[in-house]
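Chemist: Before we start, here is the structure in question, set down as structure tokens.
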Amino acid sequence: MKITVMGQGAWGQALASIERKAGHDVALWSRHSRPMDKSDVVILAIPAQALRLVLPAVNSTVIVSAAKGIERGSGMTMAEVVHAELPSHKFYALSGPSFAADVLAGLPTAITMAGRDLGVTAKLAAELSLPTFRIYASDDVMGVELGGALKNVLAIACGVADGRGLGESARASLITRGFAELARFAQKRGARPETLMGLSGLGDLLLTCSSTKSRNYAFGLALGKGIDAQQALAQSTGVVEGAHTARIAAKIAAQHHVDMPIINAVNSIIDGSSNPDEEIAKLLARPLGVENK
């Protein structure tokens, strides 16, 4: 196939490398490139907040989005943005536990691709896969997208906790209770529980919540060490998707009456209305409840 990867960052480079190894004709595109040649598949490896802006350049009816986020202004997922702008195009969401450096090094990686038609999605996933880069198929687009978006915010929370020196037990609690928030939110939007327990949900969450390879975790670590949000963002080596997703996720959760105290805490720290110690104290002061509620 002829594949165009939009985005020349680390993840775009990694995906382009994988697809070349899989035998495809691959071109990399950025906003400085010439107009895109006709492609069989376009892979969007760009920040979520820029996705709508690049869609006019797409020259294919098959779009695979590797962006993980919720659009700030509209509250739309990437699938919803593409459907609004290019309603006749086929959309697939690609997400899961994957660091670009690991993929480039050829280390074993498994992720998920979701599309409306499971059979067609499975065929495309197989064509894009390698033995060391396994793509599992799903037809739960909402679940795959929200798992990838919300885990970024929760990774910030874990970074904050580690920055404050709260220990590994606290981080494990944050991951577990954060996953409960992610599941409540995503299921409210129609996602399936089994998707959230899979690679694109729990798997991605576990990876990004404890490694400085994750820009979101590293950003949270800086916040926990007392660096303000704007300075921490400026120090980041790339886009911190969770910093953009936190506010809109908190807003949507409030609209749908979904209890998300950890994500609300991250949002408050980022917007400067609170600080890590205040938000940690609030979380520790919450009434004890029933597990898995």
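The values are calculated or read from the model by the stated rules, or taken from the named source; none is laboratory data. The shown structure was predicted, so the numbers you read here are calculated from the model rather than taken from an experiment. Cβ coordinates were reconstructed from backbone atoms using ideal geometry, including for glycine residues, and neighbour counts include every protein chain displayed.
Chemist: In a loop (DSSP other than H, G, I, E, B), hydroxyl-bearing (Ser, Thr, Tyr) and in contact with a strand residue (DSSP E or B) (Cβ under 8 Å, 6 or more places away or on another chain): is that true of residue 74 in this structure?
Modeler: Against the criterion (in a loop (DSSP other than H, G, I, E, B), hydroxyl-bearing (Ser, Thr, Tyr) and in contact with a strand residue (DSSP E or B) (Cβ under 8 Å, 6 or more places away or on another chain)), residue 74 does not qualify.
Chemist: Moving on. Taking only the range 110-126 into account, find how many residues are assigned to a helix (DSSP H, G or I) and either more than 19 Å from the chain's Cα centre (by Cα) or loosely packed, with under 13 Cβ neighbours inside 10 Å (or both).
Modeler: Result for the range 110-126: 8.
Chemist: Does any residue in the range 269-287 that is closer than 15 Å to residue 247 by Cα come within less than 8 Å, Cβ to Cβ, of a residue that is small (Gly, Ala, Ser) and surrounded by 14 or more Cβ atoms within 10 Å (Cβ to Cβ) six or more places away or on a different chain, and which pairs are these?
Modeler: Qualifying pairs under 8 Å: 269/229; 270/229; 270/243; 270/246; 271/229; 272/229; 274/265; 274/268.
Chemist: Further, regarding this structure: Kindly indicate whether any position in the range 232-249 is exposed (fewer than 15 other Cβ atoms within 10 Å of the Cβ), aliphatic (A, V, I, L, M) and in the same structural domain as residue 172 (by TED's automatic domain parsing).
Modeler: Yes, there is a match, as at least one residue in the range 232-249 is exposed (fewer than 15 other Cβ atoms within 10 Å of the Cβ), aliphatic (A, V, I, L, M) and in the same structural domain as residue 172 (by TED's automatic domain parsing).
Results for (1) within 15 Å of residue 114 (Cα to Cα); (2) surrounded by fewer than 14 Cβ atoms within 10 Å (Cβ to Cβ); (3) in contact (Cβ under 8 Å) with a residue 24 or more places away in the chain, shown as yes or no for each residue.
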{"site": "14", "(1), (2), (3)": "no, no, yes"}
{"site": "22", "(1), (2), (3)": "no, no, yes"}
{"site": "35", "(1), (2), (3)": "no, yes, yes"}
{"site": "43", "(1), (2), (3)": "yes, no, yes"}
{"site": "49", "(1), (2), (3)": "no, no, yes"}
{"site": "65", "(1), (2), (3)": "yes, no, yes"}
{"site": "76", "(1), (2), (3)": "no, no, no"}
{"site": "89", "(1), (2), (3)": "yes, no, yes"}
{"site": "93", "(1), (2), (3)": "yes, no, yes"}
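Chemist: Also, quick follow-up: Does residue 132 fit the bill of being among the hydroxyl-bearing types (Ser, Thr, Tyr) and not assigned by TED's automatic domain parsing to the domain that holds residue 70?
Modeler: Criteria not met by residue 132.
Chemist: In the set 176, 212, which member is surrounded by fewer than 23 Cβ atoms within 10 Å (Cβ to Cβ) and not in a helix (DSSP H, G or I)?
Modeler: Step by step, each of 176, 212 is checked, and only 212 is surrounded by fewer than 23 Cβ atoms within 10 Å (Cβ to Cβ) and not in a helix (DSSP H, G or I).
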